[in-house]
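Working notes, beginning with the structure itself.
The values are calculated or read from the model by the stated rules, or taken from the named source; none is laboratory data. Remember, predicted model here, so these are calculated numbers, not experimental data. With ideal geometry, Cβ positions are generated from the backbone for all residues, glycine too; neighbour counts draw on all protein chains shown. All accessible areas refer to the heavy atoms of the entire protein, side chains included, with ligands and DNA or RNA removed. Shrake-Rupley method; radii C 1.70, N 1.55, O 1.52, S 1.80 Å.
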Amino acid sequence: MDASAAASGGTSVGSGDGSLAAEMAHDFIVDDTLRGIPAGTDPFPGAEIAARAWSPTAGDLACPVLTLQESAYRSNRDAIFAYAREAGALLAPHAKTPMSTALARDLVAHGAWGLSAANLQQASVLLKAGVKRLLLANQIGGKVNGERLGRLLARYPEAEIVLFVDSPTALAAAARAGEVAGRPQSVMIEVGLARAGCRTAEAAQRLIDIACNTLKIALAGVAAYEGAVASEDEAATQKAIAALNHLAADVFASVRKAEPKRRLFLSAGGSQFFDLVVEKLTAVVDADGDADLMLRSGAIFFHDHGVYARAFQRMDARRGFVRDGEIVAASDVFKPAMRLWAEVLSRPEPSLAICGLGMRDVSFDQGFPIALAAWRGGEKGENLRGVAAIEKLNDQHGFLRIGEEVSLSVGDIVEFGISHPCTCFDRWRAFFVIDDAHRVTSVHQTFFG
């Protein structure tokens, strides 16, 4: 399938009407075992939550609580799909970020070729949700997991799953999946310079030769992940990504020689450096004439106030984001969609507020949550950016250091932005979607296992 056909929704599932509420599981019963639901609330169907008109700003939800602003999510979704269409690329967004079947269906309905998954558990969740095409964007392990994958494929005969392989053992596991499923297993040769992947073109060639002589294996292309070679040094990062792109292009030429007639994939592109991937690898697939560049950006749909905000500032400095043929600021196009709301529990010192959020609630591996604003009785109070900062997290306490001029009181609600969506969603069994007036419109489960 070519890029234009796939972008039109060739694997469409879900409503596609633009509303996340329409994608909500109608058998999802909500009660106060779920963070965010006030204690003492009787169980009720999640599909009825919008009628309650709850808002985190007014304290209607129990804090801490994780929300997703639908308008920001939709704007980010539409922006990256438009970018991909203009670049002639497919998108297989990495579903590991939210592990939400509602969002999975929404992304496929709005143009994704399929979705990326990191392991068999995630693949099973997505197949059950109706997704028909998956990249297993990781090494799956040995033959035991190959057998498990084969049984999964046998259960979903219409599904297409493409594996990454970087060793003869991984290739044997893929072949075992094909044997159990009764059909050839498609694989992409993974190359890499810092994480998994063949380190050299010679190592990849040896794997290609084995693949060509292995039953139940079909070579589908080449994959890489440029984010693994990034560092704080922008010049060194660009040099490392250029080297990885060069390796991917060389190995792709070898796969094409081995598979002269099959339409192939060349896949890379996370949410920080996809412009550098497009800049180099688009020319490779265009010159081939029978291949698709496939981006796997996942966190970009949610953006953040931390690591991705900084990444887009760097992208803007290198003038990397193009829309309608014009260079535009990615920092202006993409909006942080996630918020963590926490109540002030204590003011033990003039310059310290203890907030009810901690390591169990929010990501902290790539930066602490960012204090944005204070709310009292549903009314927005002080802007906290620049005058308040989390300096430490315990399990369930956030130490917010504030200027003495800040008038936070116990019971106030603090609105936090987050850094790194991928390690925030996985702390929650469900998240709440809000509209631009901060009212809850739907609630969605996550499926991290």
Please count how many residues of region 204-232 are under 26 Å from residue 290 (Cβ atoms) and either open to solvent by 30 Å² or more (accessible area, probe 1.4 Å) or assigned to a strand (DSSP E or B) (or both).
17
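Listed here are the residues, each with its yes/no results for (1) open to solvent by 10 Å² or more (accessible area, probe 1.4 Å); (2) of a type in the set (A, V, I, L, M); (3) at positive phi.
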| residue | (1), (2), (3) |
| --- | --- |
| 281 | no, yes, no |
| 315 | no, yes, no |
| 321 | no, no, no |
| 329 | yes, yes, no |
| 336 | yes, no, no |
Apart from one, (1) within 21 Å of residue 113 (Cα to Cα); (2) charged (D, E, K, R); (3) in contact (Cβ under 8 Å) with a residue 40 or more places away in the chain all hold for residue 290; the odd one out is (3)
Matching strands (runs of 3 or more DSSP E) fully within region 387-449 where at least 3 residues are at pLDDT 95 or above and touching a helix residue (DSSP H, G or I) at 6+ places or on another chain (Cβ under 8 Å):
430-434, 440-445
Given the criteria out of contact with any Phe, Trp or Tyr (no Cβ under 8 Å at 6 or more places or on another chain) and on the phi < 0 side of the Ramachandran plot, does residue 289 qualify?
no
Report, by residue number, each residue of region 238-249 that is of a type outside the set (S, T, N, Q) and surrounded by fewer than 18 Cβ atoms within 10 Å (Cβ to Cβ).
239, 242, 243, 246
Taking residue 316, is it touching a residue at least 60 places away in the same chain (Cβ under 8 Å) and either more than 28 Å from residue 232 (Cα to Cα) or assigned to a helix (DSSP H, G or I) (or both)?
no
Could you count how many residues in region 414-449 are of a type in the set (Phe, Trp, Tyr), closer than 22 Å to residue 95 by Cβ and more than 16 Å from the chain's Cα centre (by Cα)?
1
For region 111-145: of the residues being part of a helix (DSSP H, G or I) and polar (S, T, N, Q), which is most open to solvent (accessible area, probe 1.4 Å)?
121
Hey, residue 177 open to solvent by less than 30 Å² (accessible area, probe 1.4 Å), out of contact with any helix residue (DSSP H, G or I) (no Cβ under 6 Å at 6 or more places or on another chain) and touching a residue at least 12 places away in the same chain (Cβ under 8 Å) or not:
no
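For every residue, the table says whether it meets (1) more than 27 Å from residue 365 (Cβ to Cβ); (2) not aromatic (Phe, Trp, Tyr).
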residue	(1), (2)
409	yes, yes
416	no, no
424	no, yes
430	no, yes
443	no, yes
447	no, no
The correct count of residues that are in a helix (DSSP H, G or I) and not aliphatic (A, V, I, L, M) in region 146-167 is 6
For region 355-376, what are the residues that are of a type in the set (D, E, K, R) and surrounded by 20 or more Cβ atoms within 10 Å (Cβ to Cβ)?
361
Taking first residues from region 323-334 that are farther than 15 Å from residue 311 by Cα and of a type in the set (D, E, K, R) and second residues anywhere that are open to solvent by less than 80 Å² (accessible area, probe 1.4 Å) and outside any strand (DSSP E or B), the pairs with Cβ under 6 Å that are 6 or more apart or on different chains are none
Of all residues being assigned to a loop (DSSP other than H, G, I, E, B) and out of contact with any helix residue (DSSP H, G or I) (no Cβ under 8 Å at 6 or more places or on another chain) in region 180-198, which is surrounded by the most Cβ atoms within 10 Å (Cβ to Cβ)? Just the residue, please.
197
What pairs come up if the first residue lies in region 204-216 and is more than 23 Å from residue 246 (Cβ to Cβ), the second is assigned to a helix (DSSP H, G or I) and open to solvent by less than 40 Å² (accessible area, probe 1.4 Å), and their beta carbons are under 7 Å apart, counting only those six or more places apart or on different chains?
210/171; 212/258; 214/171; 214/175; 215/175; 216/175; 216/178
